[in-house]
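One structure is given here, and the rest of the page talks about it.
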Amino acid sequence: MNEIDTSKPPMSAEEQKAFQARQKQRAIIMAGLLLFMVVLFYLITIVKIGAGS
Amino acid sequence: MTTASTSLYGLASARDLFALTKPRVMTLVIFTALCGMLAAPGSIHPVIGFTAILAISLGAGASAALNQWYEADIDAIMKRTSQRPLPAGRMDAETALHFGIGLSVFSVVLMGVAVNWFSAVFLAFSIFFYAVVYTIWLKRSTPQNIVIGGAAGAFPPAIGWAAVTGDVTLMPVLLFAIIFFWTPPHFWALALFMNSDYSKAGIPMMPVVAGRESTRKQIFGYSLILAAIAIAPYPLGFTGAIYGTSAILLSVVFSALSLQVMMSQTSEPKDMAAEKRLFKFSILYLFALFAALVADRLVLA
């Protein structure tokens with residue numbers, strides 16, 4: 001998906017700006033989701049340990 | 001499939017990835033799975049219950065993504081679906097496929113690790129059933145496609161139940177059967193006034209293949225079977241009077257609206273008031289029936 005595709009013309013300045021803005025938006029959302037999963041797995045672990053004891 | 005300018009060099013937006021999971025369908029999945037969970041005997045820790053609903057929702061989102069990956073060609077032909085991310089050229093097919101498979105694996109592993117492996121296998125089967133058996137195999141080859149697709153949509157309450165109990169008994173099978181028999185009248189009512197779109201895309205939808213009259217008769221037939229199954233939990237002693245009364249009232253209205261559809265002769269979508277009424281009521285029917293089931297369980301408890 002991200003290899004250099006020589007068949008397409010290079011990005012214009014505006015396209016590059018939009019591309020980077022989208023990358024940034026996706027990275028922020030991914031970071032938020034990962035943080036949410038860390039918290040969720042922490043809580044699951046606590047519940048499982050509690051149930052085990 | 002796509003051009004650099006519309007998909008920004010293969011980088012789909014987060015909004016389009018979210019749209020790929022069919023969020024509106026997911027609300028019904030979350031609702032019915034939650035109802036299955038709340039109606040099941042026994043208890044589940046709120047964190048584990050939340051995780052189970054999350055896993056079921058992600059599994060449904062994964063099925064939707066795989067469905068849209070495979071159906072981009074027919075989605076492009078139909079007006080209702082032509083603006084989805086793939087046919088509109090805002091995402092490439094590879095992204096949708098990877099997203100769908102990744103989400104499928106994650107949802108099943110999450111369910112297995114956090115909840116139990118019985119419901120994880122059940123979830124995996126439901127994804128396989130929707131993406132492969134329905135989407136790839138049967139949707140384009142049989143006019144009973146919606147009946148089979150209905151089975152895929154009917155899994156969530158049974159999986160929600162299995163998350164609590166770790167098994168499947170007669171009651172979750174009845175919950176499955178309610179959605180299974182609800183889907184054909186719900187979807188065929190829509191297909192009747194959207195007929196031209198399906199004809200254009202070459203999907204063997206019942207009104208296209210068997211004609212309007214036969215479809216209308218089948219809608220009524222399925223509504224009677226649905227009524228019998230929806231009411232059954234009450235005489236079988238699985239639920240109390242709140243559910244029993246609600247199921248009877250809702251099913252009588254559903255059957256009456258289906259009868260109106262059967263009596264209808266019109267072929268013009270703009271005149272299909274009875275079909276549109278049934279379609280709208282069918283959504284309310286399912287929400288109200290499952291809400292009554294939960295209310296009944298909470299009152300009995």
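Where a number appears in this text, it was derived from the coordinates with a stated rule and is not lab data. Just so you know, these numbers come straight off a predicted model, no measurement behind them. Positions of Cβ are generated from backbone atoms using ideal geometry, with glycine treated the same way; all protein chains shown enter the neighbour counts.
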Would you work out the charge dipole size for chain B about its Cα centre, treating the Cβ of every Lys and Arg as +1 and the Cβ of every Asp and Glu as -1, and quote it to the nearest 20 debye?
-> 500
Per-pair calculated FRET efficiency, R0 = 45 Å: A:I49 and B:E268 via Cβ, rounded to 0.05 = 0.10
Calculated from DSSP H runs of 4 or more alone, at -39500 (n - 2.57) each and per residue, what is the 222 nm mean residue ellipticity of the protein assembly as shown, nearest 500?
-> -24000 deg cm²/dmol
Could you work out Rg/(2.2 N^0.38 Å) for the protein assembly as shown, with Rg from alpha carbons only?
-> 1.08
Rh (Kirkwood; distinct C-alpha pairs) - the range B:1-102, Å | 14.7
17 Å Cα-Cα reach of B:K79 towards aspartates and glutamates, excluding residues that sit fewer than 8 places from it in its own chain | B:E71, B:D197
Direction-averaged shadow area of the convex hull around the Cα atoms of the range B:17-165, nm²?
-> 8.4
Gain in span if fully extended, B:E94 to B:S141, counting 0.36 nm per residue against the direct Cα distance = 14.4 nm
How far, in nm, would the chain grow between B:I77 and B:I101 when pulled straight, counting 0.36 nm per residue and subtracting the alpha carbon separation?
-> 6.1 nm
For chain B, take the alpha-carbon Rg, divide it by the Kirkwood Rh, and send me Rg/Rh.
-> 0.98
Packing-based exposure ordering (other Cβ within 10 Å, fewest first) of B:W182, B:W137 = B:W137, B:W182
Cα gyration tensor of the range B:74-228, axes a ≥ b ≥ c as square roots of the eigenvalues: rounded (a/c below 1.5), prolate (a/b > b/c) or oblate?
-> oblate
Any idea how far the Cα center of the range B:183-260 sits from the one of the range B:15-62, in Å?
-> 24
Taking the Cβ-Cβ separation of B:L284 and B:V132 as r and a Förster radius of 35 Å, what is the calculated FRET efficiency to the nearest 0.05?
-> 0.65
So what's Rg/Rh here for the range B:229-301, counting alpha carbon atoms and using the Kirkwood radius for Rh?
-> 1.12
Calculate the spin-label point distance for B:E213 paired with B:A256, positioning each point 7 Å from the Cα along the beta-carbon direction, and give it in nanometres.
-> 2.8
Just the number, please: Stokes-Einstein D of the range B:169-301 in µm²/s, Kirkwood Rh from C-alpha pairs, 20 °C, 1.002 mPa s.
-> 140
Based on other C-beta atoms within 10 Å, arrange B:D271, B:D296 from fewest to most.
-> B:D271, B:D296
